[in-house]
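Step one of this worksheet: look at the structure below.
The values are calculated or read from the model by the stated rules, or taken from the named source; none is laboratory data. The shown structure was predicted, so the numbers you read here are calculated from the model rather than taken from an experiment. Positions of Cβ are backbone-derived with ideal geometry, glycine not excepted, and every protein chain shown enters the neighbour counts.
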Amino acid sequence: MSKKISFQGVEGAYSNLAVQEFFPGAESVPCKTFEIAIQKAESGSVDYAMIPIENSAAGRVADIHRLLPKSQLHINYEHFQKVEHKLLIHPDSQLPDIKKVISHEQALAQCSEKIQNLDFDILIGADTAGSAKMISENKILDTAAIASSLAANIYNLKTVDESFANSKNNITRFYVMSKNENEEFDPKKKYISSFLFAVNNTPGSLFKVMGGFATNNVNMIKLESYNYGADFVITEFYCEIEGHPNQDNTKFALDDMYHYCSKVKKLGVFEKSIYRSRQ
């Protein structure tokens with residue numbers, strides 16, 4: 001029986017493409033929102049949720065950092081997906097007929113140079129694949145969509161530019177999440193531990209947490225902060241470190257962190273993606 005993987009968006013979205021690459025042969029389950037994609041994994045109606053976390057060009061996905069603290073899911077894997085924007089038009093149209101372009105606002109920003117050169121009017125769509133679907137279903141002949149090759153195939157659109165983005169180095173990082181915690185530990189493998197924490201509201205608390213990682217030779221690869229609560233006094237931190245809690249140095253560093261923090265939530269421990277070792 002094939003696995004079921006939820007993702008936000010319609011068929012042909014880059015998240016859909018990530019599902020196909022990471023889980024060949026799995027059933028992709030499109031969802032209108034990130035909340036629904038996460039809820040389906042929490043309820044067990046799907047095996048995993050494929051959730052985008054950050055993009056090399058556009059930065060972090062803001063909605064996700066709002067949802068992670070509330071989620072009951074655990075991070076089991078990470079996946080890096082190459083984003084290759086295509087310029088798509090209806091098969092009955094030609095490029096000289098195109099006056100407008102529609103896509104998600106981040107995709108439009110990532111393709112701004114060619115859009116400006118072609119002097120297209122800009123329309124902001126809800127997402128990339130949804131824009132392609134709209135052109136196909138409504139037979140719109142004067143508007144192009146920026147979307148993936150998968151969207152082009154699904155919605156039978158013609159590709160007039162295979163590499164439409166400003167930069168060819170456009171990568172989105174995904175968390176593959178489920179309701180089951182990853183308990184694997186192999187000392188030969190390299191791991192990442194991800195968690196949220198809030199420090200005690202006393203001078204030097206964050207410095208002491210950071211000092212625990214330095215003292216125990218634990219490398220921190222991500223630290224982001226954001227306020228929560230109406231008074232804007234409490235700051236929560238989203239952190240990733242290299243290491244597994246079963247390793248002594250990581251365990252000692254985490255013990256220090258628990259001592260100086262008012263809140264800690266482990267998001268997951270997972271093996272480093274092979275993408276990180278590329279040259």
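Listing for the model above:
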| quantity | calculated |
| --- | --- |
| Residue in the stretch 66-76 that is among the charged types (D, E, K, R), at pLDDT 95 or above and out of contact with any helix residue (DSSP H, G or I) (no Cβ under 7 Å at 6 or more places or on another chain) present | no |
| The stretch 210-246 - residue that is among the β-branched types (Val, Ile, Thr) and surrounded by fewer than 18 Cβ atoms within 10 Å (Cβ to Cβ) and, of those, nearest to Asp186 (Cα to Cα) | Ile221 |
| Whichever residue in the stretch 222-279 is part of a strand (DSSP E or B) and of a type in the set (Lys, Arg) and, among such residues, is farthest from Asn55 (Cα to Cα) | Lys263 |
| Candidate set: the stretch 247-279, residues that are closer than 19 Å to Lys189 by Cβ and among the polar types (S, T, N, Q); chosen: the one surrounded by the most Cβ atoms within 10 Å (Cβ to Cβ) | Thr250 |
| Matching option when the condition is more than 24 Å from Ser136 (Cα to Cα) and either touching a residue at least 24 places away in the same chain (Cβ under 8 Å) or buried (at least 20 other Cβ atoms within 10 Å of the Cβ) (or both), among Glu35, Glu11, Glu27 | Glu35 |
| Residue match in the stretch 47-69 (condition: in contact with a Gly (Cβ under 9 Å, 6 or more places away or on another chain), part of a strand (DSSP E or B) and of a type outside the set (Lys, Arg)) | no |
| Selected residue (criterion: farthest from Glu54 (Cα to Cα)) from residues of the stretch 193-221 that are of a type in the set (Phe, Trp, Tyr) and not in a strand (DSSP E or B) | Phe207 |
| Count - residues of the stretch 153-173 that are farther than 11 Å from Glu84 by Cα and buried (at least 22 other Cβ atoms within 10 Å of the Cβ) | 2 |
| The stretch 80-120, subset charged (D, E, K, R) and under 16 Å from Phe164 (Cβ atoms), residue nearest to the chain's Cα centre (by Cα) | Lys82 |
| Residues satisfying the stated conditions in the stretch 84-110, i.e. in a loop (DSSP other than H, G, I, E, B), modelled with pLDDT of 95 or more and closer than 30 Å to Val176 by Cα | Glu84, His85 |
| Answer residue from the stretch 174-186, given it is crowded, with 21+ Cβ neighbours inside 10 Å and touching a Pro at 6+ places or on another chain (Cβ under 9 Å) and is farthest from Ser136 (Cα to Cα) among those | Tyr175 |
| Residues within the stretch 5-37 that are under 17 Å from His79 (Cα atoms) and assigned to a strand (DSSP E or B), tallied | 5 |
